[in-house]
Amino acid sequence: MQSIQQRLLESKGKFQSPSVMRRTKAGSLKSRLLKSALLLAGSMLVPSCSPADPGELDVAASELSINTQSATNTSTPIGLAIEIENGVGTPIKVRAGQRFFINQIDFRTFVNTNTDNGVNTLRTQGDFATLNWNGVSQEDQEFLILPNPDGTFTRRRFFRDADWMDKPSLMIVTPVNAQGIPTGTPLITYAGTDTNRNPADHFFVRRMRGIQWTYDCVSTTSCANAHTFQEEALIELRNAMRVQTFRFTENTTGLQVRWSLKPSTIYTIPVTQVPNPTYDYNFNIDVTPITPPQAGGFYAPGTNVSFKIALRDGSGNRLHDDGHLPPYNDVVFGPNEAGIQYYRAFFDPSTTYYRRKHRERMLMSQVVGPVQDAQPIRTVVQLGQFLNPAEDSIVLGIPARDGWYSEGITFPPTNDLFGGAFDPSHAGWAAPVDDTFTYHIPADAKPGTYLVSTKGRRVYLGQDIPSTTNFKIQVGSAQQTQANLDTGPCNSCHKESSGGALKLVLHGNDNRAGCAGCHSPLAFELEGPIAVRLHFIHSRSNRFDAPLAKCASCHLTANSIKRTSKAACLSCHKSYPADHVQQFGPIQSMYVGGGEESFQQCTSTCHSTHPGSKL
């Protein structure tokens, strides 16, 4: 029987296939890293000990086609999500004998302090204290708009450019038995860096950063005399681009994780194999209209239209009883065998680009239209709309005011979901959740095609995936209409085979026609608009290869870049001239520049062109 070392060396040849390992500096670097990883992985093996079954390894020289909606069996490669918190691996359950690939790795370490020390305490305390923090600097700062229960405010400061964040590294994941002896070949994945795209990368998303939280600021502009701080360091690796698959052998009880920047540390993730789980992997959202259209196949303006939702696994099995979804408490605090997810940012706060948006896990639906009038909604949605006990849904776009109609509902509905967070008794979180919902098409709705989009996320037996279902309805006319989007093509980077295809990342939605309907500015989260988020993400990510000034990389028309507002400019730019500060005030938000006024049109004459836009 082959030794693990022999199989590693054989797999090395496949790993460096010409399609991946071009003769570039990146290829040479990866080759050096791989040799180090082979030595590191080899040092984990017990001398003269060979497992009874070394497992199976398939190092793919080309990308694996990933399907997260179809039925599976134990031979279907399933993306595995693993997590390490303060040096301790989070236990996972998996289907026994399943074939997997590493699709998501979350590392987090944190320390609590009473001193405003940036993230410098992490240099000497916590799981990342042995790393090289030289070069670390503050990149951005943002206050949370909503006050804390005691009336204070929370500030977040975001740090980048530490040596360990910008240094290429490898993750080595090894299945082991109860004695720590490998039961399969170590999986070597190239983590890449936080600074550039590389043909050798194994993950589409690679983000490394430090964050300082200040929890007792006196206002949204001052943290004078604050003394409650938390410093954290994060690694987010998501969406596999090149896949090594492996199968859990019968005696596998854990995963050992080693990181090439901490070669002496072994992280252990306990694994429990479930022989005959109740549900299949993968995730589908069925949405069925209850209200039939009128003769002619369309709904009249002023009509209420109801739908029924059903969450299913890849084999079509229901994940909940017909007639209702589980209460919020059951999903978030258990039991939740089926892996249904609801909004979790009350407990694991997310931040656009900088912190764990994939773990927000909102289950929600929206209707928007007509699609030919797709445009950003700039009206700020107030918190009171989320807490209104008389309304389960929220009207986001009003045709006469915003140019088209949008209405959304969360599960549980917002008055229970967010109301439960503000209510000390959390009564809304215990309330039953209906599996039907109703939209109120306004009387002045324009005729055309409307899009009902329902999105959510499922976390089940090691798999963490999104799903979105888009359902079209006709309003006012049976004549279908088409969206005229003035941005794209996203698939220049978000390719089907890249691991970053739109149907795989975040919401799992590759239909952009409805994005702007739900993504409107919220009074407590002004960065809501999709344009703000896309500008911010692509301007902060050094992995976006095109020049930032070249608007034509995404914008298709000159008219699409002529909107002038704080939000339009400062979602990408980090500063503006002194005369602008004098006239419009200092920049207070890293996302939109200021407050709710940031979405108002500044002028029709200034900034009618953008230097270097190529439009």
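The numbers here are math on the coordinates, done by the rules we state, and not lab data. All figures in this text were calculated on a predicted structure; none of them were measured in a lab. Virtual Cβ from ideal backbone geometry, glycine too; neighbours counted across all protein chains shown.
Table for the structure above
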| quantity | calculated |
| --- | --- |
| Segment 53-200 - share of DSSP beta bridges that are antiparallel (%, nearest 5) | 65 percent |
| Exposure proxy ranking, count of Cβ atoms within 10 Å, fewest first, for 606, 217 | 606, 217 |
| Approximate spin-label separation residue 117-residue 70, in nm, with each point projected 7 Å along Cα-to-Cβ | 5.3 nm |
| Gained length - residue 306 relative to residue 436, 0.36 nm times residue gap less alpha-carbon distance | 46.1 nm |
| Rough spin-label spacing in nm, given labels placed 7 Å along Cα→Cβ, for residue 511 and residue 444 | 2.7 nm |
| Theoretical FRET efficiency, 1/(1+(r/R0)^6), r = Cβ-Cβ of residue 288 and residue 537, R0 30 Å, to 0.05 | 0.30 |
| With Cα atoms, 0 to 90° folded angle of helix 530-540 axis to the chain main axis | 40 degrees |
| Distance between modelled label sites at residue 613 and residue 576, nm, 7 Å Cα→Cβ extension | 1.5 nm |
| Sorted by Cβ neighbour density within 10 Å, fewest at the top, the residues 407, 597 | 597, 407 |
| Förster radius 41 Å - calculated FRET efficiency between residue 482 and residue 86, Cβ distance, rounded to 0.05 | 0.20 |
| Residue-count net charge about residue 512 - beta-carbon cut-off 12 Å; Lys, Arg +1, Asp, Glu -1 | -1 |
| Acute angle (nearest 10 degrees) that the helix 4-15 long axis makes with the longest principal axis of the chain, alpha-carbon atoms | 50 degrees |
| Dipole-positive endmost among 431, 364, 480 within segment 284-524 (Cβ charges, Cα centre) | 480 |
| Acute angle (nearest 10 degrees) that the helix 25-42 long axis makes with the longest principal axis of the chain, alpha-carbon atoms | 60 degrees |
| Efficiency of FRET from Cβ geometry, residue 606 and residue 425, R₀ 60 Å, rounded to 0.05 | 0.70 |
| Likely footprinting exposure, 402, 313, fewest C-beta neighbours within 10 Å first | 402, 313 |
| Beta bridges per DSSP with both ends in the chain, % antiparallel, nearest 5 | 90 percent |
